[in-house]
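Note sheet for the following structure.
The values are calculated or read from the model by the stated rules, or taken from the named source; none is laboratory data. Here the structure is a predicted model, which means the values were calculated and not measured. Note: ideal-geometry Cβ built from the backbone for every residue, glycine included; neighbour counts use all protein chains shown. All accessible areas refer to the heavy atoms of the entire protein, side chains included, with ligands and DNA or RNA removed. Shrake-Rupley method; radii C 1.70, N 1.55, O 1.52, S 1.80 Å.
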Amino acid sequence: NNGCNNGGIQIAPNANGSSVRGSGKTQDSLNLYEWLLLSQRISTAHSPNIGDYKTNAPKPNGGKWSNKSSWRKFDGNNWVAASTAPGASAGIITISNNDSIDIDVAVTANQLVVETNGSVNIQTAGLTISDGPGTDFLVNGIMYLGNLQTIGGTGNSEINGTFNWNGGTLSLTATANAGSVVNLDGNFTKTIGANFNNKGTFNWVTGNTSGDIALSNSVFTNDGFINETFSSNRGFVNNGGAVAIVNNGTFKKMSSNSFLNNGISFTNTGTLQGIGSFNFTPGTIVNNGIVKPGNSPGILFISEGAITGQNSSISIEIFDGSGPGSGHNQLDLTGNISLSGNRLIVTENAGVPVQSYVIMTTTGTFTGTF
């Protein structure tokens, strides 16, 4: 079938008697069965087209984007040495397995793929991803975004590998899929300028003086796991526009410092767990999920607004009789707390002593019933 469009990948037409790429056959020698096998193969794996690029920059030294020797270009039959580095008009650009590329000049790409064990470092100059068919920026390997740099554009991105985020701005719609790892570290604010959905593991480590996440006209959604390790009180800050935080997964606080939403709307249908403090600005939280003090065990403080008037489940575990924080979990609050509408779930190990356990405290009074 000359010029057929199979599986969303355009197959260049071949004249009868010409070779069919990837088949070892000529156009007129394929029987129907062979053609079906070939078409199935093409629809499930990328077959290069004229104008596609792939790297020639093996680790550990890697290469620079602007250096033409870092690249190979497909001429229709073979991968040949590139005469120039890929630009905005290039086809699919692939950072190959075990290769590494530093973006040393401003780059615009339509489709960029980072293969498993390949890496792209965005530390010296920025990256712009245009909107094309399918996924525009696919990270199956490693991506590093340094402070002051930006990944932006009208396209979209999917992260299946590792995203090491030291600072800078991500203004590209992004999904970190299940199995991915996003590592935030350092004394720099990370700015999210387009919707970000985490379905993997999001390790949020901060420095002593900074490390917040700034939202700019974007929604941050967690459908996976957030592991917080703050060195100071940190959280999300509002950089303008329509912003929101949605937690459908597990947000685990692992430090004694406070998480702050700083007035940004926060909706929880998942689990808020850990130690330290969840400090929500009054009137900004809707909590239909689970509040689970401790990382087995521990003491957690949470704002009054996360319980009063909410429909949450408070989960407490009792391990032994040694006291709150060591033998059982405890939830601390301030002010007058209405328990109505909330649900209490207490789980105890076999053989725990029969005694009183203080599982919730407040500086005011408790009213209502679970």
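List of remarks:
- Residue that is part of a strand (DSSP E or B), touching a residue at least 24 places away in the same chain (Cβ under 8 Å) and among the small types (Gly, Ala, Ser), where the choices are Ser100, Ser89: Ser100
- For the range 58-82, taking the residues that are in a helix (DSSP H, G or I) and over 9 Å from Ile101 (Cβ atoms), the one that is most open to solvent (accessible area, probe 1.4 Å) is identified as Lys68.
- The strands (runs of 3 or more DSSP E) found entirely in the range 147-189 that carry 1 or more residues being under 22 Å from Phe236 (Cα atoms) and touching a residue at least 40 places away in the same chain (Cβ under 8 Å) are 150-152, 156-159, 168-170, 173-176.
- Pairs with Cβ under 9 Å, 6+ apart, first in the range 323-338 and open to solvent by less than 20 Å² (accessible area, probe 1.4 Å), second aromatic (Phe, Trp, Tyr) and part of a strand (DSSP E or B): Leu331/Phe301; Leu333/Phe301; Leu333/Phe366; Ile337/Phe366
- Only residues that are assigned to a loop (DSSP other than H, G, I, E, B) and either in contact (Cβ under 8 Å) with a residue 24 or more places away in the chain or of a type in the set (S, T, N, Q) (or both) were counted in the range 105-119, giving 6.
- Unique residue being open to solvent by 40 Å² or more (accessible area, probe 1.4 Å) and of a type outside the set (Phe, Trp, Tyr) when the list is Thr94, Thr124, Thr55: Thr124
- Within the range 291-301, at least one residue is touching a Gly at 6+ places or on another chain (Cβ under 6 Å) and at pLDDT below 95.
- The number of residues in the range 227-267 being buried (at least 19 other Cβ atoms within 10 Å of the Cβ), under 15 Å from the mean Cα position of the chain (by Cα) and under 24 Å from Gly152 (Cβ atoms) comes to 1.
- Qualifying residues in the range 191-206 (those that are touching a residue at least 40 places away in the same chain (Cβ under 8 Å) and not in a loop (DSSP other than H, G, I, E, B)) - the one least open to solvent (accessible area, probe 1.4 Å): Asn198
- Of all residues in the range 120-139, none are among the small types (Gly, Ala, Ser) and assigned to a strand (DSSP E or B).
- Close pairs (7 angstrom Cβ cut-off, 6 or more residues apart or separate chains): over 19 Å from Asn311 (Cβ atoms) and free of Cβ contacts under 8 Å to residues at least 60 places away in the same chain in the range 344-370, among the charged types (D, E, K, R) and open to solvent by less than 70 Å² (accessible area, probe 1.4 Å) anywhere: Thr347/Glu317; Val352/Asp320; Thr361/Asp332
- Filtered by the rule that a residue be more than 13 Å from the chain's Cα centre (by Cα) and within 17 Å of Ala109 (Cα to Cα), the range 146-169 gives Gln149, Thr150, Ile151, Gly152, Gly153, Thr154, Gly155.
- Checking each residue in the range 139-161 for being open to solvent by 40 Å² or more (accessible area, probe 1.4 Å) and under 22 Å from Gly224 (Cβ atoms) picks out Asn140, Ile142, Tyr144, Asn156, Glu158, Asn160.
- Residues of the range 207-214 include none that is of a type outside the set (Val, Ile, Thr), open to solvent by less than 30 Å² (accessible area, probe 1.4 Å), in a strand (DSSP E or B) and within 23 Å of Asn288 (Cα to Cα).
- Among the residues making up the range 270-317, a single one is open to solvent by less than 10 Å² (accessible area, probe 1.4 Å) and over 25 Å from Thr229 (Cβ atoms): Ile307.
- Residue identified as at pLDDT 95 or above, in contact with a Ser or Thr (Cβ under 7 Å, 6 or more places away or on another chain) and not aliphatic (A, V, I, L, M) among Gly179, Gly161: Gly161
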